[in-house]
1. Where in region 19-116 are there strands (runs of 3 or more DSSP E), lying wholly inside it, with at least 1 residues that are under 18 Å from the mean Cα position of the chain (by Cα)?
2. As an exercise: evaluate E90 against (1) at negative phi; (2) without any contact (Cβ under 8 Å) to a residue 40 or more places away in the chain and give the number of the one condition it does not meet.
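Nothing in this text is a laboratory measurement; each read-out follows from the coordinates by a stated rule. This is a predicted model, so every value here is computed, not measured. When we count neighbours, we look across all protein chains shown, and the Cβ atoms used for this are built from the backbone with ideal geometry, even at glycine.
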Amino acid sequence: MTEALLGLLAAGICAALLSSLMESGGRLFRYDPDIQRNLGFLQIRQRAAVSRISSCSETALVMIRNNQEYSLTFSGDRLVQTPGYEILLESLDEGRFACEPDAVWLETEKGRTQIR
């Protein structure tokens with residue numbers, strides 16, 4: 001009798017822990033546009049830091065890394081890297097690069113961010 005009650009108690013505790021774990025996991029995988037945007041900016045900054053800027057205009061930023069040319073361009077509501085089609089930022093209403101002698105900025109509807 002005591003063993004059955006202890007078994008039920010252990011099963012209840014395991015169910016409560018599993019429920020709590022599943023709720024925490026759901027929060028981790030929930031889509032958050034601000035987190036996605038910040039990760040995109042972080043990727044862009046990292047790539048710009050290890051590359052040499054070849055050319056810069058309002059619509060495109062061309063960089064050279066390891067003797068290969070990469071360009072960041074706007075495609076619809078996305079900022080993509082080519083060659084290939086790697087999406088770095090999405091859901092952009094507007095965006096442009098602002099090129100200065102010692103800095104490159106990415107201007108979006110949310111503000112201005114220095115990427116180099």
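1. The strands (runs of 3 or more DSSP E) meeting that bar are 68-75, 78-82, 86-89, 95-100, 103-108, 111-114.
2. (2)
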